[in-house]
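The values are calculated or read from the model by the stated rules, or taken from the named source; none is laboratory data. Since the structure is predicted, the reported quantities are computational estimates derived from the model, not experimental observations. Backbone-built Cβ (ideal geometry, glycine too); neighbour counts: all protein chains shown. Quick note on the areas: whole protein, heavy atoms, side chains included, nothing else; ligands and nucleic acids left out. Shrake-Rupley method; radii C 1.70, N 1.55, O 1.52, S 1.80 Å.
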Amino acid sequence: MKVSYSWLKDFVDIDYPPEEIASKLTLSGSEVETIDVMGSDLKNVVVGQVKKIDSHPEAEKLKICKVDVEKEVLQIVCGASNVKVKAKVPVALIGAKLSDGKEIEKTNLKGIDSSGMICSEAELGLGEDSQGIMILDDELRVGENLSSALDLEDFIFNLDLTPNRPDCLSILGVAREISALFGLPLKKPTPVVEEAEILASSQIKVKIDEVSFCPRYTCRIIRDVKVRPSPFWIRRRLQSCGIRSINNVVDATNYVMLELGHPLHAFDYDLFSQGEVVVRKAYQKEKFVTLDGTERELDPEILLITDGQRPVAVAGIMGGFESEVKEKTKNILLESAYFDPGIIRRGRIKLGITSESSHRFERGADPNNVDFACNRAMELIHKIAGGEVLKGLVDNYPKKIQVKKIDLRPKRVNQILGTEFSSSEISQILKSLEFKLEGDKDLKVEVPTFRPDVTREIDLIEEVARIYGYDRIETRMCASGNLVTTLPREEKFLIRVKEILKGLGLYEVVTNDLVDPEMMQKIFPEKKSVKIQNPLSPDLSVLRTSLFFDLLLVVSHNKKRKEDQVKIFEIGKVFKDRDEGLPEEKYKIGVALSGAQEVFFRNKKMDLEFFYIKGILESFFESLSIDSFILIPNTYPSFSKGRSFDIKIKKQKIGFLGEVNENILGDFDIKDKVFLCEIDFDSLLSRLPDKRSYQALPKFPPVDRDIAIVVNDNILAFDVEKLIKKTGGEILEKVTLFDLYRGAQIPLGKKSLAYSLRYRSKEKTLTDEDVNKIHSEIIKILKKEFGANLRS
């Protein structure tokens, strides 16, 4: 949103530096990104008056002009067809620089000296008109600097507004903010419309078929206008705010839109097939040509303005090509309406059109400002285009939208903000924003309809804080009182999980929920995609069913930028399609590892293997005091054969992990191995111990024994460990697998597993005889159950 400093002065008397105003606006929530300076570069350009014109002896199209610039009369050769005697014109003196960077020098044109240049608007950077020279107002003083004469010097605030503040999408709205921030009175225009005796209601009727989508529609009629270019001051103000000048009628509607924040539309009334306006939904596959000349296919999600027979505009978005105001237009129907933000947004997205009008309507215009904006625009059109204004405003407003009333407790304000405001101080701040108040101790606040964002008491408290100044509210280093609440268990667990994974050397990533449907289907073909309506692009058209797609994208992105080692995690939502209603949403914990692992004691790097991610999981679960997780082999299409597992805790599956297969890696242009893991957040939380238990330090020493066995390759080390623990009973304190070997001296199809066993009794010091008895029993059971042979 571009806002002119000089235009703001029409509404509030400000003499503060633009930088101070920008700072105040930013601190109050209306961020000013930049301040642009306009008109300060027109040096050595003055107001001149043409005294005499002679024909050029050598060129038919050139004229020799004598131009008075106060200090002297210059001879300037000019080729413009609209130059005439006594006309006041902008003269660029020798040394002046034009908007394109050209510097004016004394020249000789076909034998005639020329000491300066009579300029067009385009050459001065003041507009788009380059067909002729710029003709100035007769009241301007000859010799005066053009910037001063036309009040060209201005500062343009570029505001980055949040979507919940439609009231600031206007000069008036920003002026209201400045008025409140600096304690200055706000001045509003009071439209005065000279009307004829003929009633507008006798010429036009308004029918609204969809009142929920168009709660209010008003219009006025003006006859016998003269459509022509707008006066310079209007064109200049529109240009300063980024709006292109069209003609005086259209410019008047745009001017009021910028001034008051309410979009309007002017129709060529003679092109209406009958004296009626009908607001209705579009028919399925109905065709309509918009102002840009594009024929568009419509559907019932789009609201139309019609003349009772055919469409003349897409409501709140764009007018029609056939009913636009042109040079020959004589009679104007001026529309000012309020449309439901939702229908405008849906229509805008479906049609792929964004306009200044839709930008304001979909954020929420003021339904009770409709008549004011209509009268203001009609006043302006009559002033600059002439004509006869028919009497009265045709206003269809079936059910008035009432203002909201909110109870505000000053005590609560001070409790939230840590301040000591009195009721009168709070009232003064809110009244400066045009809120109406009743009461003394406890206040009843009437919220104006131009503030749809204020719906609760806390919103009013925020208004008090931002106008008073966040920077003026004392900072307190500790929180206290009934505002202090403990974090929910889920939030605490989320923080804990993130801290553990970061401590294990992983970096957190945050990715998009929207993914490419084809790639998602390749990773999990068995999962049905959740499609969204109106996607931004085909490759972002479904919600993810797993975190894997995004994690692989991040791995690929980093690998292409020469990052050898990628160790990342994400905690985010995945979506599951339901036959009816909204999709199911679940939080998942995703981990991806790829690249080389530093092995310091060997002074080299080794490629990450499966056991690295398994070790990460073991450390992760140990930090959560969960020591009963197991990995069970399972097959997943996106993982390599024999390299994928389910993660279970006490027989409940909570996730899976594995090594991504080469086909999937190829789709992401990844050449290194990638190991992925995904865990269900809620399932893991449900398995979190409510209490931690502690054991006393052992009183008696341990006895350590090692055992190495040879078993078939398909036997899981976990099953062997489980049997060892079961056989060892209470005195077997710990079992640790410390070696896995395949190769020389081990038959094909076999593997060697080496375990360290720690024995300890809580009642006495164990003897060799006590340990040998249990140890021998373990070897015997392993031979019986798994056909294990001791490896010597």
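Key figures for this structure:
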item	result
Subset of the stretch 187-210 (residues that are within 25 Å of I343 (Cα to Cα) and open to solvent by 60 Å² or more (accessible area, probe 1.4 Å))	K205, K207, D209
Extreme residue, least open to solvent (accessible area, probe 1.4 Å), among residues of the stretch 619-657 that are free of Cβ contacts under 8 Å to residues at least 24 places away in the same chain and of a type in the set (G, A, S)	S644
Qualifying positions in the stretch 260-305 - over 24 Å from R360 (Cα atoms) and part of a loop (DSSP other than H, G, I, E, B)	F272, S273, Q274, G275, Y283, Q284, K285, E286
Pairs with Cβ under 7 Å, 6+ apart, first in the stretch 217-238 and hydroxyl-bearing (S, T, Y), second open to solvent by 30 Å² or more (accessible area, probe 1.4 Å) and in a strand (DSSP E or B)	Y217/N396; T218/D395
Some residue of the stretch 20-39 being under 30 Å from I135 (Cβ atoms) and not in a strand (DSSP E or B)	yes
Residue satisfying all of: in the stretch 48-69; part of a strand (DSSP E or B) and of a type in the set (V, I, T); surrounded by the fewest Cβ atoms within 10 Å (Cβ to Cβ) among these	I53
Of all residues making up the stretch 390-435, the number that are within 30 Å of C219 (Cα to Cα) and among the aromatic types (F, W, Y)	2
Those residues of the stretch 318-342 which are in a helix (DSSP H, G or I) and touching a Gly at 6+ places or on another chain (Cβ under 8 Å), in sequence order	P341
Residues satisfying the stated conditions in the stretch 343-381, i.e. within 20 Å of the chain's Cα centre (by Cα), assigned to a helix (DSSP H, G or I), closer than 20 Å to F450 by Cβ and touching a residue at least 24 places away in the same chain (Cβ under 8 Å)	I343, I344, E356, S357, S358, H359, R360, F361
Enumeration of residues in the stretch 297-325 that are open to solvent by 20 Å² or more (accessible area, probe 1.4 Å) and in contact with a Ser or Thr (Cβ under 6 Å, 6 or more places away or on another chain)	Q309, M318
Of the criteria (1) more than 26 Å from S623 (Cα to Cα); (2) loosely packed, with under 12 Cβ neighbours inside 10 Å, which one G787 fails	(2)
Given (1) aromatic (F, W, Y); (2) under 28 Å from N368 (Cα atoms); (3) surrounded by fewer than 19 Cβ atoms within 10 Å (Cβ to Cβ), number of the condition W233 does not satisfy	(2)
Any strands (runs of 3 or more DSSP E) falling wholly within the stretch 511-618 and containing at least 1 residues that are in contact (Cβ under 8 Å) with a residue 24 or more places away in the chain and within 19 Å of D680 (Cα to Cα)	566-576, 584-594
Residues that are farther than 27 Å from E177 by Cβ and either of a type in the set (A, V, I, L, M, F, W, C) or open to solvent by less than 10 Å² (accessible area, probe 1.4 Å) (or both), drawn from the stretch 257-277	A266, F267, L271, F272, V277
Tabulated pairs, the stretch 711-726, first within 13 Å of D739 (Cα to Cα), second open to solvent by 60 Å² or more (accessible area, probe 1.4 Å), C-beta under 6 angstrom, 6+ apart or interchain	A717/L737
All positions within the stretch 387-411 that are assigned to a helix (DSSP H, G or I) and either at pLDDT 95 or above or buried (at least 18 other Cβ atoms within 10 Å of the Cβ) (or both)	P410
Within the stretch 412-467, tally of residues that are open to solvent by 30 Å² or more (accessible area, probe 1.4 Å), farther than 22 Å from K24 by Cβ, polar (S, T, N, Q) and touching a helix residue (DSSP H, G or I) at 6+ places or on another chain (Cβ under 8 Å)	2
Filtered residues of the stretch 755-773 (kept if open to solvent by less than 10 Å² (accessible area, probe 1.4 Å) and within 16 Å of V720 (Cα to Cα))	Y755, L757
The lone exception for K734 - which of (1) of a type in the set (D, E, K, R); (2) under 14 Å from V720 (Cα atoms); (3) surrounded by fewer than 12 Cβ atoms within 10 Å (Cβ to Cβ) it fails	(3)
Qualifying residue in the stretch 530-552 (condition: at pLDDT below 90, crowded, with 20+ Cβ neighbours inside 10 Å and closer than 21 Å to G655 by Cβ)	yes
Boolean, K328 is surrounded by fewer than 18 Cβ atoms within 10 Å (Cβ to Cβ) and more than 15 Å from I221 (Cβ to Cβ)	yes
Some residue of the stretch 306-317 being part of a helix (DSSP H, G or I), in contact (Cβ under 8 Å) with a residue 12 or more places away in the chain and in contact with a Leu (Cβ under 6 Å, 6 or more places away or on another chain)	no
Number of the condition not met by G127 [criteria: (1) open to solvent by less than 50 Å² (accessible area, probe 1.4 Å); (2) farther than 18 Å from S40 by Cβ]	(2)
All positions within the stretch 740-779 that are without any contact (Cβ under 8 Å) to a residue 24 or more places away in the chain and among the hydrophobic types (A, V, I, L, M, F, W, C)	L740, A744, L748
Qualifying residues in the stretch 70-100 (those that are among the β-branched types (V, I, T) and assigned to a loop (DSSP other than H, G, I, E, B)) - the one surrounded by the fewest Cβ atoms within 10 Å (Cβ to Cβ)	V85
Any chance V45 is crowded, with 19+ Cβ neighbours inside 10 Å, of a type in the set (V, I, T) and closer than 24 Å to L140 by Cα	yes
Pairs with Cβ under 9 Å, 6+ apart, first in the stretch 446-465 and within 8 Å of I406 (Cβ to Cβ), second outside any loop (DSSP other than H, G, I, E, B) and open to solvent by 30 Å² or more (accessible area, probe 1.4 Å)	V447/K404; V447/K405; V447/K436; V454/K404; V454/E462; T455/K404; E457/D407; E457/R412
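Per-residue answers, yes or no, for (1) touching a residue at least 40 places away in the same chain (Cβ under 8 Å); (2) open to solvent by less than 10 Å² (accessible area, probe 1.4 Å):
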| residue | (1), (2) |
| --- | --- |
| E103 | no, no |
| L109 | yes, no |
| S120 | yes, yes |
| G132 | yes, no |
| E139 | no, no |
| G143 | yes, no |
| L152 | yes, yes |
| N164 | yes, no |
| I171 | yes, yes |
